[in-house]
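The values are calculated or read from the model by the stated rules, or taken from the named source; none is laboratory data. The structure presented is a predicted model; accordingly, all values stated were derived computationally and were not measured. Every residue, glycine among them, receives a Cβ derived from its backbone with ideal geometry; neighbour counts consider all protein chains shown. Accessible surface areas use protein heavy atoms only, side chains included; no ligands, DNA or RNA. Shrake-Rupley method; radii C 1.70, N 1.55, O 1.52, S 1.80 Å.
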Amino acid sequence: MQTITSIQALRSCIRQWRQAGHSIGFVPTMGNLHAGHLQMVNTAKQKAEKVVASIFVNPAQFGPDEDFNSYPRTEKLDQAALLEQGADLLFLPSVLEMYPQAPQTTITVRDLSARHCGANRPGHFDGVALVVCKLLNIVQPDLLFLGEKDYQQLTLIRRMVGDLNIAVEIHGVPTVREADGLAMSSRNNYLSPEQRQMAPLLYQALCTVRDAILSGDRDYSSIVDQQVRALQQAGFAVDYFNVSRSIDLLPACPNDSNLVILLAAKLGGARLIDNICLQIND
Ligand code: PAF
């Protein structure tokens, strides 16, 4: 596996692969890789001949009071894990390489970036859209792999790619969970041992809501409110918990069939998100 830090060198490598007729899969990450990221690389390997992963902690998607400086940076371990997983190339640019000057261009996927996580993290999704658009322009992959754990991010990037006619096929990769159900996330590192024991309550609350819906309950707000109260009593600060339409993340109506239950909550210093998709066929 090659590690490349400059855009120019990356482009020249990709050009050679293209000339040899290879298809290219791309897995963008912010590093501190866990089994969820490696699952994306693994899926990419099954679908594309060459796999590029990137590690870039993107300052544009962190708010002034967020964890940009303390975000875990574990490049050596990440490199070893990507090598073992069979990635062909790691793109590891510096902030200066990605943003040689403060960008004057903004990409806002309007409605999708304002809701849910966007309501609590102003500017976050503009930063995500900008960096993903830049990375897609740099790598020009055939296939893009993103985790379903960041469901709002996945939906928003699908929309951006459609709106801007970017020639890439997007694949959502299912969330990888710990044995107790907690969704794998780099931010789980912020949990104390006691908080780590409590964290699976989030997934349990999502499952309870899913099971109530599957057993016919369509009073989404009251099912969710009960779970919000239970989580608050356990010590979580719930940012949002709702049942939305999976296509556009608008509030779900009882006759919608494709749903996603979305949840974000803080536990100590960690802000955790999770979701479950479900289909109902009444
Ligand atoms: O999901 C992430 O790790 C980041 O938001 C992404 C897509 C790599 C953009 O910085």
Percent of C-alpha pairs per 10 Å bin, the chain, short to long: 6, 27, 35, 22, 8, 1
FRET efficiency estimate (nearest 0.05) - Cβ-Cβ, Ser6 to Ser192, R0 51 angstrom: 0.80
Unit charges at the beta carbon, dipole of region 34-147: most positive-side option, Phe91, Ala44, Ala102: Ala44
Selected from Pro100, Pro200, Pro174 as most flexible by GNM, with the chain as the system and alpha-carbon contacts under 10 Å: Pro100
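For region 128-271, give me the percentage of DSSP beta bridges that are antiparallel, rounded to the nearest 5 percent.
Numbers: 12 of 17 bridges.
In region 128-271, DSSP labels about 70 percent of beta bridges as antiparallel.
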Segment Ile166-Asp65, extension gain: residue separation times 0.36 nm, minus the distance between their alpha carbons: 33.1 nm
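Counting only DSSP beta bridges with both residues in the chain, what percent are antiparallel, rounded to the nearest 5? Intermediate values should be presented prior to the final figure.
Working: 20 of 39 bridges.
About 50 percent, rounded to the nearest 5.
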Unit charges on C-beta of K, R, D, E only; dipole of the chain, Debye: 540
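Can you figure out the FRET efficiency of Ile247 with Ser222, using R₀ = 35 Å and their beta-carbon distance, to the nearest 0.05? Could the numbers behind the result be given before it?
Details: r = 24 Å, r/R0 = 0.68.
With a Förster radius of 35 Å, E is 0.90.
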Residue-count net charge about Leu191 - beta-carbon cut-off 13 Å; Lys, Arg +1, Asp, Glu -1: +1
Partners for Lys50 among aspartates and glutamates (Cα-Cα distance below 13 Å; same-chain residues under 8 apart left out): Asp88, Asp142
Per-residue [θ]222 nm for the chain (sum of -39500 (n - 2.57) over DSSP H runs n ≥ 4, rounded to 500): -12000 deg cm²/dmol
Most mobile listed residue (Ala80, Ala129, Ala270) in the chain, GNM with C-alpha springs under 10 Å: Ala80
Crossing angle, helix 124-139 versus the chain [Cα axis fit, 0-90 degrees, rounded to tens]: 30
For the chain, built as a Gaussian network whose Cα springs stay under 10 Å, the top-fluctuating residue of Asp163, Asp67, Asp248: Asp163
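Using a 1.4 angstrom probe on heavy atoms only, work out the carbon and sulfur share of the accessible area of the chain in %.
Numbers: 6330 of 13380 Å².
That share works out to 47 percent.
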Lys/Arg +1, Asp/Glu -1 at C-beta; region 123-235 dipole; positive extreme among Cys207, Ala230, Leu135: Leu135
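What trypsin sites (Lys or Arg not before Pro) in region 1-51 are in a loop by DSSP, with at most 13 other Cβ atoms within 10 Å of the Cβ? Let's see the in-between values first.
Values: sites: Arg11, Arg15, Arg18, Lys45, Lys47, Lys50; in loops: none.
The qualifying sites: there are none.
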The chain: angle of helix 35-47 to the longest principal axis, Cα-based, in degrees nearest 10: 60
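So, counting K/R as plus one and D/E as minus one, what does the shell of residues with Cβ under 10 Å around Ile223 add up to? Show your work: numbers first, answer last.
Numbers: positive: Arg210, Arg218; negative: Asp211, Asp217, Asp219, Asp225.
Once positives and negatives cancel, what remains is -2.
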Nearest 10 degrees, 0 to 90: helix 201-214 Cα axis against the chain principal axis: 70
Solvent-accessible area per residue, Å², over the chain with all protein chains present [probe radius 1.4 Å]: 47
Per-pair calculated FRET efficiency, R0 = 51 Å: Leu83 and Ala230 via Cβ, rounded to 0.05: 0.75
